[in-house]
Every structure is written in structure tokens, then in C-alpha cells.
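Worksheet for the structure shown next.
The values are calculated or read from the model by the stated rules, or taken from the named source; none is laboratory data. Predicted model only: the values in this text are computed from it and were never measured. As a convention, Cβ positions derive from the backbone with ideal geometry for all residues, glycine included, and neighbour counts pool all protein chains shown. Please note that ligands, DNA and RNA were not included when accessible areas were found on the heavy atoms of the full protein model with its side chains. Shrake-Rupley method; radii C 1.70, N 1.55, O 1.52, S 1.80 Å.
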Amino acid sequence: MKKILSVVVPCYNEEAVLPVFYQEVTKIATRMEKEVEFEFVFVDDGSSDGTLAEIEKLAASDKRVRFVSFSRNFGKEAGLLAGLEYAKGDFVATMDADLQDPPSLLPRMYDYVRDGEYDCVGTRRVNRAGEPPIRSFFARIFYKLINKMSKIEMVDGARDFRLMSRQMVNAIISMPEYNRYSKGLFSFVGFKTKWLEYENVQRAAGETHWSFWKLFVYAIDGICAFSTVPLVVAAVLGLVFCLVAFIMVIIIVVKTIIYGDPVGGWPSMICVVLMMGGLQLLALGVIGEYLAKMYLETKRRPVYIVRKTEQDVKKTS
Ligand code: UDP
Ligand code: MG
């Protein structure tokens, strides 16, 4: 029996690139025909343009194409999870729809996992050409930070373009958490991963969905999901300031005994009060962030809600 390779593609408003994407991957599929059979799992993440219609068109003309359509936009992480859960293949590749993940790498990636030498092939871009410098700068800081703060290792420049064995996919989907930070989950499950490098590729068409603010929030999510160091930092800061205050009290008492008690120092006092107030709010905010995440986890809401799949189309036709 020929093995099946599922290609999971989260799509949010990608009508412009989808046909091109499908064409490119189909070319590769034909090239790999002898070795492996392809299955497409498109996840329509509540797109507001013609993405779903485009996917349905592909599904109607090619029975290898399967899809899941969400009831609204749930975000890329939800899309990835749905894709991995729906994929039936012995191997699963996750790819962006915008052709920033070159399909031409698939045969090489497959070579590594085919015989079980590796469980997973990840890709990382060696440069960030075409990206605003300020974004690259913060991205670099983020990776430095998160790698210092958490036990698992996150590779700078790693993309969500990977090819995994069934075993690894099962491990990923067995993690029921609501706050899904894939980059972390992939490295949390372990397994033998081979890294391939390639030059950054610009989007084929359409626009990126990530604003700077969205990336910032995503970074905070990532840190909270895989590290509790911020809580420790808050506690340590509190301790340090207690110590400083204690020493200052001693100094002031001694000074008063020796020199008397001249009134003064109002501005410096306000500064200290403001700083302490700020630090307390910051620490509360950090605790709040974790509490909020816990709150969301305990509700056990589904990560995504499905509105339509290729099964529904088959039933009605
Ligand atoms: N995406 C998604 N849901 C979202 C945002 C993005 O499924 O809410 C998909 C998008 O269609 C694309 C992939 O995630 O296939 C990566 O998005 P994008 O290219 O905008 O990110 P970038 O490459 O700029 O980081
Ligand atoms: Mg992209």
C-alpha cells in the first residue's frame, strides 16, 4: 500500500493565492506519485472572501482535496489543530497558503521521514529579507527571551512548514490545551527533528494577516504558555525592593538620630511612590495574564467550531 502524505493548509482570505498554491503542490505531487499519495486538507478559517468557494471548487474537481470550514475566524493555531485532526495521512505536512513555504522542498523533506530516520522535518529561514527591520529586531529579542525563560528550545526563524510522522501528529493533537502555541508544542513533544534551511520568500499574493500588535500579543501568549519565569521575576523584584526599603529605613533612622529631622525630600518621595505603584501594577498584570489563561482553559471551550466539511457537500449532491 502506498503511503499517504496529507498537506494541511490553514487559509484565511486567501482566494488570490489558493489556485496557484494548489497548482504548485499538485506539480510536486505528480513528481512524487510513485512514492506517496497526496491528500489536501484545506482549513477555511472563517474567510470573508471567496476562499471557501475556491476550496469547494478544488474539492469538486479533485477527490484528494478535503476541507474544513470554520463558523468564524478562530486564528491560525486553531486552523492548524483542525487540519492535523482531520488529516488521515501517514505523514502530515503543514504549509501556509501564500507559497512562502516552497512546495519544492517537500520531496527532500519526505526523504528524511520516509524510512523513519527522522520523525519530523522542520524548516527555518536563514534570513528575514523583505521584512521590516524593526520587526526582525523584536523577533530576535523574543527568541532570545523565550529560550532563556523556558526549558524547551524554540528555533529562531522556524516556520510552521513541517512534515511529521503520524506518531508525532498524534502526540500534538493529544494535547488538549486551549491556548495553543504551535511552535512550542512542536518542540514540547520532542521526537527527532531535522532542520532544513532556506532563503525567505515573499508572499505570492494577498497580504499578511499579522500586524505588529498581533505579533506582540502572540509573543506574550507564547511566553505565558511555555514559561512561568515572569511570575518569578515579579516575586524577585518584590523581594529586592523590600530589602532596599529595609536598608533605607535603617539609614533614615540613623540619620535622624545624628542630624535631627529636617523636612524635605518631597519630590524624591513621589518618585518612589510612583515607581512602587507602577511595579505593583506590573506584577499584578503578569499574574492576571496567567490567571486569564487559566480561566480560559477551565472553560474547556472548543478551539474551533466547524460549519462545513467536504462530507456535507457529498451528502447534499
Ligand atoms: N491564517 C489563518 N488564520 C488567521 C490568519 C492567518 O488561517 O487568522 C493563515 C493564512 O491564510 C496563511 C498562514 O496562516 O496561510 C500564514 O499567514 P500569513 O501569510 O498572513 O502570515 P506571515 O507569513 O505573514 O507570517
Ligand atoms: Mg505568509
- Query: Under the Karplus relation 6.51 cos²θ - 1.76 cosθ + 1.60, θ = phi - 60°, what is the ordered set of whole-Hz ³J(HN,Hα) values for the stretch 159-167, x standing for Gly and Pro?
  - Reply: 9, 7, 8, 9, 10, 10, 7, 4, 4
- Counting other Cβ atoms within 10 Å, keep those with at most 12, restrict to DSSP loop, and tell me which trypsin sites (Lys or Arg not before Pro) in the stretch 38-120 are left. K63, R72, K88
- Query: L243: accessible area at probe 1.4 Å, nearest 10 Å²?
  - Reply: 110
- Under 28 Å Cα to Cα from K299, which lysines show up? Leave out anything in the same chain fewer than 8 places away. K76, K151, K183, K214, K308
- Task: With viscosity set to 1.567 mPa s and temperature to 4 °C, compute the Stokes-Einstein D of the stretch 4-134, Rh being the Kirkwood radius across alpha carbon pairs; µm²/s, no decimals.
- Result: 85
- Note on the structure: the stretch 19-58 and the stretch 151-199 have their Cα centres apart by a whole-number Å value of 22
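Quick one: accessible area per residue over the chain, 1.4 Å probe, rounded to a whole number of Å²? Could the numbers behind the result be given before it?
On the way: 17790 Å² over 317 residues.
That works out to 56 Å² per residue.
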- In the stretch 1-58, GluC sites (Glu not before Pro) in a DSSP loop with at most 13 other beta-carbon atoms within 10 Å: E33, E35
- Item | Range of Cα positions in the chain per principal axis (Å), largest first | 92, 41, 36
- Task: Can you tell me which of 250-259, 40-49, 163-172 comes out highest on packing, and rank the rest after it, using the mean Cβ neighbours within 10 Å?
- Result: 40-49, 163-172, 250-259
- Please give the length that would be gained between K88 and T256 if that part of the chain were fully extended, namely 0.36 nm times their separation in residues minus their C-alpha to C-alpha distance (nm, one decimal). 52.7 nm
- Once every DSSP H run of n ≥ 4 in the chain is given -39500 (n - 2.57) and the sum is divided by its residues, what mean residue ellipticity at 222 nm do you get, rounded to the nearest 500 deg cm²/dmol? -17000 deg cm²/dmol
- Note on the structure: Filtered hits (lysines, Cα-Cα < 30 Å from K34, offset >= 8 within chain) -> K2, K3, K57, K63, K88, K192, K194, K314
- Estimated inter-spin distance, L145 and D62, nm [label 7 Å along Cα→Cβ]: 4.0
- Query: Out of G75, I287, T256, whose Cα points farthest toward the positive end of the dipole of the chain (charges: +1 Lys, Arg; -1 Asp, Glu; placed on Cβ)?
  - Reply: T256
- Loop-resident sites, the stretch 78-175, for GluC sites (Glu not before Pro), counting at most 16 other Cβ within 10 Å (DSSP): E117, E153
- Check: C-alpha center the stretch 211-230 vs C-alpha center the stretch 94-128, spacing in Å is 26
- the chain: antiparallel bridges as % of DSSP beta bridges, rounded to 5, reads 30
